[in-house]
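What follows draws every value from the coordinates through simple rules; no lab data is involved. Predicted model, so just to flag it, every value in this text is computed and none were measured. When we count neighbours, we look across all protein chains shown, and the Cβ atoms used for this are built from the backbone with ideal geometry, even at glycine.
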Amino acid sequence: MDLPERFSNLPAYAFPRLRALLDDYPAGGDVLHMSIGEPKHPFPKFVENILIESMQDFNNYPSNDGTPELLSAISNWINKRYGVSLNPENQILSLNGTREGLFNAQIALSPETKNGKSTKVLIPNPFYQVYAVGAATVGAEPVFVPAYAENNFMPDYFSLPKEVLDQTSILFLCSPANPQGTMATYDYWAELMRLAEKHDFKIFADECYSEIYRDSAPIGALQVAQDIGADPEKLVVFHSLSKRSNLPGLRSGFAASGPKNIFEMKQLRNYSGAPNPTPLQKVATAVWSDENHVIENRKLYQKKYQLADNIFKGVKGYNSPQAGFFLWLPVENGEQATLNLWKQAGIRVLPGSYLSRDVMNRNPGERYIRVAMVAPFNETKHGLQTIKDNLYTL
């Protein structure tokens, strides 16, 4: 029996590709992993006690959509953070990690056809790979829109042809951006929402890095939508505790949108979703309700921003990140630079081309490497200085 063709053009996932590139060679020094965005800062101390006290709840099926307490905590956080009031019962859905939501929301909300033709999904390039897999799953054509330095690493959706926009069902935007660390402005969001209204598509706003930033908090899509009176059904916002609270293993996030969208997402989740166990939902409830640990976490990253700026000062093309915890460093060839760092120093980074696709014979990630600044400060300092010495010092 033949395999499904819809996944036949998917490249190997980034990290198996990285292993294939590096693992035949010995590390040239003590190994330091800077390739994956897995936060290593401490998570809140109260998490352990809540989990222990809730162990008996593993004996019960969890709430599929999120407990009332969790949904209320998320609603309160949204109100404090963005000044937007959402009904926790019909405008918020708890997720088993944001990746699950980004994938399943496409299945729930993307029609098979639009205006008599198959649909298109607009994806920034480079991008979080689940965007493209979700598009393939619903039979939509992915349209990869490059995010170049000359546009502040924001994809230029506004110059796409009308016929492409009229077939679009979903547009993805990650802000703050992974991997470049740039943020969509208020005007960018507003213009994007007007584009969605004009051409009748939904914006999926991936805001997983929203609480890690240098100076000013990133503008949220929800607050812009409220300000300009945008249709709430044209926007689905995704958030996570993985980065905000250093809890990637908790697998807890949420989606927020209009009641119709959330209803459709819940309907699918009734059949196919994997809800978080109740003890983990109780942990998430407490974590969304506490900002002190978030402030302390952000201070640690702000020190790393300054560290990176000091080390890479004078490097041509260096982009000082506004937010997130990645560096998007310019090199002549991402794969070769990655291999050199591994063989010479044991530093493991990710070629930018593994996060992007060729468009018109150009790959926007080909001449970059992505470096995750998630390790403790001294390890990060050693890693960044080693990268500078090996790649940029003549």
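At-a-glance table
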read-out: Inter-residue pairs, beta-carbon under 6 Å, first within 16 Å of Gly253 (Cβ to Cβ) and in the stretch 52-80, second assigned to a helix (DSSP H, G or I) and of a type in the set (Phe, Trp, Tyr), 6+ apart; value: Ala73/Trp288; Ile74/Trp288; Trp77/Trp288
read-out: Flag if Val294 is touching a Ser or Thr at 6+ places or on another chain (Cβ under 8 Å), of a type in the set (A, V, I, L, M, F, W, C) and in a helix (DSSP H, G or I); value: yes
read-out: Selection status of Val121, surrounded by 16 or more Cβ atoms within 10 Å (Cβ to Cβ), touching a Phe, Trp or Tyr at 6+ places or on another chain (Cβ under 6 Å) and hydrophobic (A, V, I, L, M, F, W, C); value: no
read-out: Residue in the stretch 11-36 that is surrounded by the most Cβ atoms within 10 Å (Cβ to Cβ), counting only those that are within 19 Å of the chain's Cα centre (by Cα) and not in a loop (DSSP other than H, G, I, E, B); value: Ala14
read-out: Lone unmet requirement of (1) part of a helix (DSSP H, G or I); (2) of a type in the set (D, E, K, R); (3) crowded, with 16+ Cβ neighbours inside 10 Å for Asp65; value: (1)
read-out: Selection status of Pro39, in a loop (DSSP other than H, G, I, E, B), free of Cβ contacts under 8 Å to residues at least 60 places away in the same chain, under 16 Å from His239 (Cα atoms) and under 26 Å from the mean Cα position of the chain (by Cα); value: no
read-out: Sole exception among (1) at negative phi; (2) surrounded by 16 or more Cβ atoms within 10 Å (Cβ to Cβ) for Gly346, by number; value: (1)
read-out: Subset of the stretch 305-326 [outside any loop (DSSP other than H, G, I, E, B) and touching a Phe, Trp or Tyr at 6+ places or on another chain (Cβ under 8 Å)]; value: Leu307, Ala323
read-out: Which numbered condition Trp77 fails, given (1) touching a Leu at 6+ places or on another chain (Cβ under 9 Å); (2) in a helix (DSSP H, G or I); value: (1)
read-out: Pick from the stretch 80-106, criterion of a type in the set (Val, Ile, Thr) and outside any helix (DSSP H, G or I), ranking: farthest from Pro277 (Cα to Cα); value: Val84
read-out: Residue ranges of helices (runs of 4 or more DSSP H) in the stretch 165-274 with at least 1 members touching a residue at least 24 places away in the same chain (Cβ under 8 Å) and closer than 30 Å to Lys304 by Cβ; value: 186-199, 221-228, 241-244
